[in-house]
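Accompanying notes for the structure given below.
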């Protein structure tokens, strides 16, 4: 009955390994999601900034006329 009360070391090691792999998987998944969001933000900024400057220049031209 003693073997029922105390977990075997191999079971503990297997559980630790599964936890480690799961945490690594989700950590990498979060990292990839953050990278994609950052790349999307960079693309958005690259396209929005020139439009913003064009709008400012056009508005200044409108005030001068």
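The table below lists the values:
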{"quantity": "Test: residue 4 is out of contact with any strand residue (DSSP E or B) (no Cβ under 7 Å at 6 or more places or on another chain), surrounded by 10 or more Cβ atoms within 10 Å (Cβ to Cβ), part of a helix (DSSP H, G or I) and at pLDDT below 90", "calculated": "no"}
{"quantity": "Cβ-Cβ under 9 Å pairs, at least 6 apart or on other chains, segment 15-43 side free of Cβ contacts under 8 Å to residues at least 60 places away in the same chain, far side outside any helix (DSSP H, G or I) and surrounded by 10 or more Cβ atoms within 10 Å (Cβ to Cβ)", "calculated": "15/7"}
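The values are calculated or read from the model by the stated rules, or taken from the named source; none is laboratory data. As the structure is a prediction and not an experimental result, all values here were calculated from the model. All Cβ positions, even for glycine, are placed from backbone atoms using ideal geometry, and neighbour counts span all protein chains on display.
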